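Scroll down for the structure; my scribbles are underneath it.
The values are calculated or read from the model by the stated rules, or taken from the named source; none is laboratory data. Just so we're clear, the structure is a prediction, and the values are computed from it rather than from any experiment. Note that we place each Cβ from the backbone using ideal geometry, even for glycine, and neighbour counts take in every protein chain shown.
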Amino acid sequence: MKELSLTLANMDEAFPSSFTQEQLAKAKTIFLKKLAEDAHSFYQGKIQVVPKAPVAGFNWFNVWYTPGVSKVSTNIRDNNDCSFELTNRGNLVAVVSDSTRVLGDGDCTPPGGLGVMEGKAFLMKYLGGVDAVALCIDSRDKDGKHDPDKIIEFVKMVQPSFGAVNLEDISQPNCFKVLDVLREECDIPVWHDDAQGTACVTLAGLINALKLAGKKISDVKIVMMGAGAANTTIARLLITDGADPSRLILFDTKGSLHAGRTDIKADTRFYRKWELCETTNPNRVATMDEAIAGADVLISLSTPGPDVIKRQWVKSMAEKGILFACANPVPEIYPYAAKEEGAFIVATGRGDFPNQVNNSIGFPGILKGALMVRARKITDNMAIAAAYSLANYAERRGISPDNIVPNMEEAGVFPHEAADVAMQAIKDGVARVQITREEAFQKAKKDIDHARSLTQSLMDNGFIKNPPADMIKKALNFAIEQVQK
């Protein structure tokens, strides 16, 4: 057994060679959860606020605060758009959640989502050069029910302080109403990353997977497990990009979606699901066994596995079948098992397996692009532009069945993505500012380089400390002990 360094490199080799594939997968999950718990405790979170302006002498306090700052206030009063130039608003995102569907853990109570929301803020800064604030709110009414109107009211109230809003981990059906109302009624972009972000990155992965399989999106049969915010939005983007809705079948916990699902039609809160009932699965295929036979693609964002997707389903798929098993924190089937049953390409939401289809390569660049042109909203066209930006970047540097999308270590992808999104915003007529693609690319690259250099400088000078030397070893040993029990 090798001991992991602080880089967490070669994770698989750190576990006993006697572990089976299933034991190894379980051990890695336990290890990462334990290490996350210990590291968050050590650092007490992962985001802090630091000044971006200098203090060269006592009188600068009078410039940054009263009386000098009064001129800033009156300028913004007379022209609200000045707030994007005279404050940090133009590069600031609110990460808003009521914590009712945190990863695969469900309702974690309002403060339970803070770790995830801080994580989004962390990635926005390091990967996208964007500042962000985690805002976990209590959406319960007096009867204890979660009220989407409370989230809507909150976002509308805080939007003057931010350049964009990232919604996160809001349970369905509330998430549908919250996003759709805020997209139309706010004057800044409101982005639901669980839905739109997942859809964007999934489309990016599918674009390249289909290239490798030699198939066209208009011709393939697609089955989708799960009909929540993510998969319903994925379906919408796939159809917009050319997928044939008559060859698309979705499943929720009660069965397949089709025009006969009167239970969905009767509950108007699920209007997004009903739209798909009306347009997909015209033959009303009822069972997964029937649907998956001969399917080219299976996209699952369902219950965390590892046995949610059955081996026999994968075996019955078409030649060069493509499988996205993206439940967190454990995929619906482990990649090794899917490959053993003949899957050509397997993607998950995890970075310790090949083909991580994860929002982390999407939202930092997408939000940066929207902010740079002061977009009023993020259109579906902008999300699709981001997907093609990601897919094209990966194709230029080379793709393979185990490498279909960029990963977070490929810093070069984010300024390209931001620039492509900014150009699409201008094309769609939702941008306040007109800039060239080169200007957008250089601006994004400069801000991202600055964020990375700042973090490295804080580490080099001891303001961000290395974790205790034995933290990784303790988490590793804990995981091994748990699996060997």
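Summary of computed values
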| read-out | value |
| --- | --- |
| Number of the condition not met by residue 281 [criteria: (1) assigned to a loop (DSSP other than H, G, I, E, B); (2) surrounded by fewer than 24 Cβ atoms within 10 Å (Cβ to Cβ); (3) touching a Leu at 6+ places or on another chain (Cβ under 8 Å)] | (2) |
| Which listed residue is in a loop (DSSP other than H, G, I, E, B), surrounded by 13 or more Cβ atoms within 10 Å (Cβ to Cβ) and small (Gly, Ala, Ser), from 68, 57, 90 | 68 |
| Residue ID - surrounded by the most Cβ atoms within 10 Å (Cβ to Cβ), chosen from residues in the stretch 339-364 that are without any contact (Cβ under 8 Å) to a residue 40 or more places away in the chain and of a type in the set (A, V, I, L, M, F, W, C) | 346 |
| Which listed residue, of 323, 298, 367, is outside the structural domain of residue 25 (by TED's automatic domain parsing), surrounded by 20 or more Cβ atoms within 10 Å (Cβ to Cβ), not in a strand (DSSP E or B) and not charged (D, E, K, R) | 367 |
| Tally, over the stretch 245-278, of residues that are in a helix (DSSP H, G or I) and touching a Cys at 6+ places or on another chain (Cβ under 6 Å) | 1 |
| Search result, residues across the stretch 231-247 that are over 18 Å from residue 385 (Cα atoms) and surrounded by 24 or more Cβ atoms within 10 Å (Cβ to Cβ) | 231, 232 |
| Pairs where the first residue, in the stretch 28-50, is closer than 25 Å to residue 12 by Cα and the second is surrounded by 13 or more Cβ atoms within 10 Å (Cβ to Cβ) and among the acidic types (Asp, Glu), C-beta under 8 Å, 6+ apart | 28/12; 28/352; 32/352 |
| Residue check, residue 253 of a type outside the set (Asp, Glu), touching a Ser or Thr at 6+ places or on another chain (Cβ under 9 Å) and surrounded by fewer than 21 Cβ atoms within 10 Å (Cβ to Cβ) | yes |
| Total residues in the stretch 200-235, condition over 14 Å from residue 172 (Cβ atoms) and at pLDDT below 95 | 0 |
| Some residue of the stretch 407-419 being surrounded by 24 or more Cβ atoms within 10 Å (Cβ to Cβ), of a type in the set (Asp, Glu) and touching a Phe, Trp or Tyr at 6+ places or on another chain (Cβ under 8 Å) | yes |
| Positions within the stretch 198-233 being closer than 23 Å to residue 253 by Cα and in a helix (DSSP H, G or I), in sequence order | 198, 199, 202, 229, 230, 231, 232, 233 |
| Among (1) surrounded by 11 or more Cβ atoms within 10 Å (Cβ to Cβ); (2) among the hydroxyl-bearing types (Ser, Thr, Tyr); (3) at pLDDT below 95, the one test that residue 18 misses | (1) |
| Test: residue in the stretch 391-402 that is within 17 Å of the chain's Cα centre (by Cα) and either in a helix (DSSP H, G or I) or outside the structural domain of residue 205 (by TED's automatic domain parsing) (or both) | yes |
| Residues of the stretch 183-198 satisfying the condition of being of a type outside the set (D, E, K, R) and closer than 12 Å to residue 376 by Cβ | 186, 188, 189, 190 |
| Pair list, Cβ < 7 Å and 6+ apart or interchain, from the stretch 295-321 residues that are at positive phi to residues that are at pLDDT 95 or above and part of a loop (DSSP other than H, G, I, E, B) | 320/344 |
| Set 469, 440, 479, 475: member being under 17 Å from residue 367 (Cα atoms) and of a type in the set (A, V, I, L, M) | 440 |
| The stretch 301-320 - residue that is of a type in the set (Gly, Ala, Ser) and surrounded by fewer than 23 Cβ atoms within 10 Å (Cβ to Cβ) and, of those, modelled with the lowest pLDDT | 305 |
